[in-house]
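Comments concern the structure below.
Each reported figure results from applying straightforward, stated rules to the coordinates on display, with no laboratory input. Only a predicted model underlies this, so the values are computations on that prediction, with no experimental measurement involved. FYI the Cβ positions are ideal-geometry reconstructions off the backbone, even for glycines, and counts take in every protein chain you see.
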Ligand code: TMP
Ligand code: MG
């Protein structure tokens, strides 16, 4: 008998400024998918558990920690490259990956800095697995500042978040895999929409090969 080919999983990425609800939505989405017997796995970048992740964690939590901005950018990118084989294995096994931040965070947060060129920032991301869908969570900036825990880590301040949001908007225009989601609604309402978009994406890519990022 001819064995049916395993349909691949989808690579779904959540992006948005700090505290836009990405982590909450990602975790709920994985639960919802599993309830519907859709194989899914959660991942987050930076992956703070690896050797590069430990350096990144130290850099984010300790604002006095000084590292060259370009070197830091490459470290965040290396943190994704470290996970490529694992990601491909999941996708090829038919498991959908729900990913909290990816290359677009890398580009947006680095290009928001002075003396950092967006085109330079894009280069180390080329060749990584390309997300089938990027769900870009949009919230009102003022509302974000009122959310709990804002301001504990590097980048969690008004000026930086504003610049980050501007780069995100540029990426949104340049990349056809982006979809904007109004995240200024109840967690449940947002979840209904992200679940719908995710199921649509899973269906539409299951027989297509995975692409690679090509900025
Ligand atoms: P987190 O709050 O989602 O754990 O992310 C930590 C911070 O790291 C967040 O402010 C965004 C930033 N970041 C980068 O600067 N570059 C990257 O490549 C990624 C994934 C995150
Ligand atoms: Mg954060």
### Task
Could you work out how far helix 51-61 tilts from the main Cα principal axis of the chain, as a 0 to 90 degree angle to the nearest 10?
50 degrees
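Which value at 222 nm does the chain reach when only helices count, each DSSP H run of 4 or more adding -39,500 (n - 2.57), with the total divided by all residues and rounded to the nearest 500 deg cm²/dmol?
After summing the helix terms and dividing by the residues of the chain, the value is -14500 deg cm²/dmol.
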### Task
Could you calculate the FRET efficiency of residue 7 with residue 175 from 1/(1 + (r/R0)^6), where r is the beta carbon distance between them and R0 is 30 Å, rounded to 0.05?
0.75
#### Entry: Added length on full extension, which subtracts the Cα-Cα distance from 0.36 nm per residue, residue 42 to residue 193
52.5 nm
### Query
For the chain, what proportion of DSSP beta bridges, expressed in % and rounded to the nearest 5, is antiparallel?
5 percent
### Fraction in percent of alpha-carbon pairs per bin - 10 Å, the chain
8, 34, 38, 17, 3, 1, 0
### Query
For the residue pair residue 214 and residue 23, what label-to-label distance in nm results when each label sits 7 Å from Cα along the Cα-to-beta-carbon direction?
3.6 nm
#### Entry: Alpha-carbon centroid distance for the pair the stretch 6-43 / the stretch 141-200, whole angstrom
15 Å
### Query
On a 0 to 90 degree scale, rounded to 10, what angle separates helix 69-81 from the longest Cα axis of the chain?
20 degrees
### Query
By how many degrees, between 0 and 90 and to the nearest 10, does the Cα long axis of helix 22-35 differ from the longest principal axis of the chain?
10 degrees
### Task
Please give the length that would be gained between residue 114 and residue 82 if that part of the chain were fully extended, namely 0.36 nm times their separation in residues minus their C-alpha to C-alpha distance (nm, one decimal).
8.8 nm
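Residue separation times 0.36 nm, minus the C-alpha to C-alpha distance between residue 63 and residue 92: what's the value?
Numbers: separation 29, 0.36 × 29 = 10.44 nm, distance 3.93 nm.
Once the chain is fully extended between residue 63 and residue 92, it gains 6.5 nm.
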### Query
Got the relative contact order for the chain handy, in percent, Cα pairs under 8 Å and 6 or more residues apart?
34 percent
